[in-house]
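Asks: Let me begin by handing over the structure; questions about it come next.
The values are calculated or read from the model by the stated rules, or taken from the named source; none is laboratory data. Quick caveat, the model's predicted, so the values are computed rather than measured. Glycine also receives a Cβ, built like all others from the backbone with ideal geometry; neighbour counts cover every protein chain displayed.
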Amino acid sequence: MSSIVPTIMAETIEQLGEATVRLQPFSRRVHIDISDGEFAPTFLLTENQLTWPEGWEVDIHAMVARPSEHIAQLIQLKPNLVILHAEAQEDIVPHLQALKAAGIKAGVALLKTTVPVTVEAAIKEADHVMIFSGDLGKFGGTASMMQLEKIRLIKKIKPEVEIGWDGGVTTENAYTLTQGNVDVLNVGGAISMADNPAEVYNQLVVEINKHGVI
């Protein structure tokens with residue numbers, strides 16, 4: 001069954017606190033972006049600044065050029081999942097192995113231009129592969145449905161891997177993404193910019209649980 005996972009993209013501790021207050025009443029699994037300002041053009045909070053409520057299941061999307069500079073602290077945080085980019089400046093396979101050895105799920109994110117077969121070793125090591133269809137460090141990207149073709153290619157490499165999607169998820173396309181075999185729909189702007197985020201979250205849950213009409 002697919003899941004709706006709200007995204008937090010915070011540049012300050014205050015923004016993180018505000019997002020936590022908005023999401024805590026209805027969400028238990030949350031996706032938090034961090035950035036080094038190099039891999040992505042935006043400086044977001046670093047792993048050293050992250051906190052979250054007890055009981056939250058947190059996935060951390062690390063938009064960093066050199067994961068080796070971040071991996072030890074990420075492991076200390078003990079999140080549910082850490083997602084590293086296949087396009088980082090280092091071989092991420094040892095970092096994925098370190099996460100799994102620490103009991104943390106290991107994820108790989110693929111930018112739009114990345115062909116799955118070119119990062120086969122990382123996909124084989126991963127518990128989760130996230131198709132990134134947005135703009136690095138920004139909310140409000142467009143969900144490029146052409147990227148759904150990657151799922152078939154990823155599953156050829158590792159059939160049982162969990163598939164995530166980041167970028168442009170809305171109530172208009174959530175059902176299509178779910179039908180395309182996306183397991184985790186990370187939702188940024190559609191929830192965070194809504195007047196009533198809980199209502200949008202609930203609408204998204206309804207969409208992904210619809211049954212198709214034959």
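Asks: Take the range 68-106 and flag every residue that is of a type in the set (A, V, I, L, M, F, W, C), surrounded by fewer than 17 Cβ atoms within 10 Å (Cβ to Cβ) and not in a loop (DSSP other than H, G, I, E, B).
Replies: Those that are of a type in the set (A, V, I, L, M, F, W, C), surrounded by fewer than 17 Cβ atoms within 10 Å (Cβ to Cβ) and not in a loop (DSSP other than H, G, I, E, B): Ala72, Leu77, Ala101.
Asks: If you check Ile32, Ile13, which single one turns out to be β-branched (Val, Ile, Thr) and under 15 Å from the mean Cα position of the chain (by Cα)?
Replies: Ile32
Asks: Another question, if that's okay. Return the residues of the range 149-181 that are acidic (Asp, Glu) and within 15 Å of Phe132 (Cα to Cα); say none if nothing qualifies.
Replies: Selection gives Glu149, Glu162, Asp166.
Asks: Report yes if Ala109 is buried (at least 21 other Cβ atoms within 10 Å of the Cβ), part of a helix (DSSP H, G or I) and either modelled with pLDDT of 95 or more or not acidic (Asp, Glu) (or both), otherwise no.
Replies: Answer is no for this residue.
Asks: Residues being part of a helix (DSSP H, G or I) and surrounded by fewer than 16 Cβ atoms within 10 Å (Cβ to Cβ): count how many of those fall in the range 16-32.
Replies: Counting residues in the range 16-32 that are part of a helix (DSSP H, G or I) and surrounded by fewer than 16 Cβ atoms within 10 Å (Cβ to Cβ) gives 3.
Asks: Every residue in the range 14-38 that is more than 19 Å from Leu77 (Cβ to Cβ) and in contact (Cβ under 8 Å) with a residue 12 or more places away in the chain, please.
Replies: If the condition is that a residue be more than 19 Å from Leu77 (Cβ to Cβ) and in contact (Cβ under 8 Å) with a residue 12 or more places away in the chain, then Arg22, Pro25, Phe26, Glu38 are the ones that fit.
Asks: Shifting gears a bit: How many of the residues making up the range 187-203 are touching a residue at least 60 places away in the same chain (Cβ under 8 Å) and closer than 12 Å to Ile4 by Cβ?
Replies: Summing the residues that are touching a residue at least 60 places away in the same chain (Cβ under 8 Å) and closer than 12 Å to Ile4 by Cβ in the range 187-203 gives 7.
Asks: Considering only the range 33-57, state which residues are among the polar types (S, T, N, Q) and either crowded, with 20+ Cβ neighbours inside 10 Å or assigned to a helix (DSSP H, G or I) (or both).
Replies: Scanning the range 33-57 gives Ser35, Asn48, Gln49.
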